[in-house]
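Comments concern the structure below.
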Amino acid sequence: MTATICGTGSYIPSYTMDNHEIAGMVDTSDEWIQERTGIVRRHIIQNETTVSMAAEAGRRALENGGVSAEEVDLILVSTISSNLILPCAACEVQKELGAVNATCFDLSAACTGFVLAYNTAMAYLLGGMYRTALVIGSESLSNLTNWKDRGTCILFGDGAGAAVIRLDASDKSVLESDGRSYLPVTHSDGGRGEALTCKSRHDFNGLTGEKHRHCPEDMMDASYYMQMDGQAVFKFAVKSVPEVIGEVLKLNRVDTRDITYYIMHQANRRIVEAVAKRLGEPMEKFPMNLKEYGNTSSASIPILLDEMNRKGRLKKGQKIVLAGFGAGLTWGASIVEWRR
């Protein structure tokens, strides 16, 4: 018995903001941004929301997989930027898609979110609780970005990606000879969480009128927006990501020669290049699309996965590593065998 990805989808806002526009807002340039990040433009919501993008990405994934909304019995949405607190984004997606048989909840793990949501869905499916899961990463990071902070506003964009994962109890061609599916490896270190933070805008007691830490009326307070120690995050990523990829390969007795692609969170071109170098793997195995989208947090991996799927780059039998890293700090990797 195994569970595999049978469909992918994504939604990208049509409005784009290139580096020249960013340079008109803060002291930077297109050359400076490209050299340090690899980013040229990012897509920004206008009429869209985190929920509307998630729903459309999910709809496209279902169509791609030939799965009806009624067949879905689990919807997970990974996001740190939902436009709603209640109901959760996943329940709103359920409503929009008509997935009336699904259990729905959100997951918050920032840029590692899609990997953890994928792992969560796999655990439920292989545990026999559900048969078909819709896993979505959707982010409106432009709502959390301080557009006066050069260190962060150059990085982030909006978008959503989704994957349909289906249990196939009749498939006896299990992924490993001992009958196990590939096991993931994940880590968290809250002690280093200050490297990437964003305070809640709801830090206010309506009963007593007390302001907990900040005044919610004072939206100029930088702590309401994403704040990042870029050097700390870079050092964390280039050390931890190759290590966790090595861990997941060793755990599952898979050699790097067996991996066709490493689909990493799209944060920074230099990070991806550093990870490839430390693993001793060619850059051809590390697809990137951050030039077009920037860092879309939990949406970046499924957006890239969908692009590769629709371009025909993913072939049956290929082994792929999904690797995420980000705020928390959290990081993790999972091995996927493409079965379509």
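Just a few scattered comments:
- Here 311, 319, 277, 291 are screened, and the one residue that is open to solvent by 40 Å² or more (accessible area, probe 1.4 Å), touching a residue at least 40 places away in the same chain (Cβ under 8 Å), out of contact with any strand residue (DSSP E or B) (no Cβ under 7 Å at 6 or more places or on another chain) and not hydroxyl-bearing (Ser, Thr, Tyr) is 291.
- Pick from region 1-59, criterion closer than 19 Å to residue 102 by Cα and part of a strand (DSSP E or B), ranking: modelled with the lowest pLDDT: 3
- Cβ-Cβ distances below 9 Å connect the following pairs, each with a first residue in region 238-252 that is closer than 17 Å to residue 274 by Cα, a second residue that is of a type in the set (Asp, Glu), and a separation of six or more residues or different chains: 240/189.
- Residue check, residue 171 out of contact with any His (no Cβ under 6 Å at 6 or more places or on another chain), open to solvent by 60 Å² or more (accessible area, probe 1.4 Å) and either modelled with pLDDT under 70 or farther than 22 Å from residue 332 by Cβ (or both): no
- Taking region 126-151 as the range and being at pLDDT 95 or above, in a helix (DSSP H, G or I) and either closer than 15 Å to residue 184 by Cβ or not polar (S, T, N, Q) (or both) as the test, only 141 passes.
- Considering only residues in region 85-117 that are over 24 Å from residue 330 (Cα atoms) and part of a loop (DSSP other than H, G, I, E, B), the one that is most open to solvent (accessible area, probe 1.4 Å) turns out to be 86.
- Note on region 255-274: residues that are assigned to a loop (DSSP other than H, G, I, E, B) and either in contact with a Gly (Cβ under 7 Å, 6 or more places away or on another chain) or open to solvent by less than 40 Å² (accessible area, probe 1.4 Å) (or both) total 4.
The values are calculated or read from the model by the stated rules, or taken from the named source; none is laboratory data. Every value quoted in this text rests on a predicted model; they were computed, and no experiment measured them. Virtual Cβ from ideal backbone geometry, glycine too; neighbours counted across all protein chains shown. Ligands, DNA and RNA are excluded from the accessible area calculation, which covers all protein heavy atoms including side chains. Shrake-Rupley method; radii C 1.70, N 1.55, O 1.52, S 1.80 Å.
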